[in-house]
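Notes follow the structure.
The values are calculated or read from the model by the stated rules, or taken from the named source; none is laboratory data. None of the values given here were measured: they were computed from a predicted structure. Quick reminder, even Gly has a Cβ in these numbers, built from the backbone with ideal geometry, and neighbours come from all protein chains shown. These accessible areas exclude ligands, DNA and RNA; they are computed on the full protein's heavy atoms, side chains included. Shrake-Rupley method; radii C 1.70, N 1.55, O 1.52, S 1.80 Å.
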Amino acid sequence: MDRNHYRFRSLWTLPAPAPAVYRALERVEDYPRWWPQVKEVTRLADTAGGGAGILRIRSVLPFSLVTTVRETRRDPAAGILEVALSGDIDGWARWTVTPQGSGGTLARYAQEVDVRRPLLRRLARPGRPVFRANHALMMRAGRRGLAAHLQAV
């Protein structure tokens, strides 16, 4: 097993219609408004025609991760948003947004990454459970923030 490889999955049940959730998730530049751990988003010109940007993320641990995101799939009909990640973490992330119940939405998050930042690679063995817990806390705060944001809009 590669100690620097991670697979994350999260399910967010949100009290808003799927199109509104999809629109909020596709506006990555707005994430810092509602997701406390997404500290900064810088848009980049992307000559391939998709969206691109640099994200700086910091959760409970005393360091930030910086990653470049490049849109690889945007499919509103299927409710899918997917990006390639490079930088402190390399890999991909995907949102799949589907209607649930009467007016609610289920947002599935999947991410598969390899850690590239040298310090985190050195701390892979003792740090793995802490890194996973840090990610879980970040995702919980993101779900809460998005739910509040959707109610305010």
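Return yes or no: is Gly91 within 13 Å of the chain's Cα centre (by Cα), surrounded by 17 or more Cβ atoms within 10 Å (Cβ to Cβ), small (Gly, Ala, Ser) and over 24 Å from Leu14 (Cα atoms)?
It is true that Gly91 is within 13 Å of the chain's Cα centre (by Cα), surrounded by 17 or more Cβ atoms within 10 Å (Cβ to Cβ), small (Gly, Ala, Ser) and over 24 Å from Leu14 (Cα atoms).
Could you give me the residue pairs with C-beta distances under 6 Å whose first residue belongs to the stretch 131-143 and is hydroxyl-bearing (Ser, Thr, Tyr), whose second residue is crowded, with 17+ Cβ neighbours inside 10 Å and not in a helix (DSSP H, G or I) wherever it lies, and which are 6+ apart or on separate chains?
Close Cβ pairs satisfying both conditions: none exist.
What is the number of the single condition among (1) more than 12 Å from the chain's Cα centre (by Cα); (2) within 22 Å of Ala136 (Cα to Cα) that Ser10 does not meet?
So the condition that Ser10 fails would be (1).
Scan the stretch 9-45 for residues that are loosely packed, with under 14 Cβ neighbours inside 10 Å and farther than 30 Å from Val130 by Cβ and jot them down.
Passing the criteria: Pro15, Pro19, Arg27, Arg43, Leu44, Ala45.
When you check His149 against the structure, is it open to solvent by less than 60 Å² (accessible area, probe 1.4 Å) and over 19 Å from Arg7 (Cα atoms), yes or no?
Judged against the criteria, His149 is a match.
Of everything in the stretch 109-125, what is loosely packed, with under 14 Cβ neighbours inside 10 Å and either within 13 Å of Arg3 (Cβ to Cβ) or touching a His at 6+ places or on another chain (Cβ under 7 Å) (or both)? Give them in sequence order.
Scanning the stretch 109-125 gives Asp114, Arg121, Arg122, Arg125.
Only one residue in Ala148, Ala107, Ala78, Ala124 is without any contact (Cβ under 8 Å) to a residue 60 or more places away in the chain and not charged (D, E, K, R). Which one?
Just a single option satisfies the conditions, and that option is Ala78.
Against the definition (within 23 Å of Leu14 (Cβ to Cβ) and not hydrophobic (A, V, I, L, M, F, W, C)), how does Arg70 come out, yes or no?
In short, no.
Cβ-Cβ under 6 Å, sequence separation 6+ or interchain: first residue in the stretch 27-38 and over 15 Å from Ile54 (Cβ atoms) and polar (S, T, N, Q), partner open to solvent by 20 Å² or more (accessible area, probe 1.4 Å) and assigned to a strand (DSSP E or B). Which pairs?
From residues that are over 15 Å from Ile54 (Cβ atoms) and polar (S, T, N, Q), the pairs are Gln37/Ile57.
What do you reckon, is Arg128 of a type outside the set (A, V, I, L, M) and either at pLDDT below 95 or exposed (fewer than 13 other Cβ atoms within 10 Å of the Cβ) (or both)?
Judged against the criteria, Arg128 is a match.
Quick check on my filter: what residues within the stretch 108-135 are part of a strand (DSSP E or B) and over 13 Å from the mean Cα position of the chain (by Cα)?
Asp114, Val115
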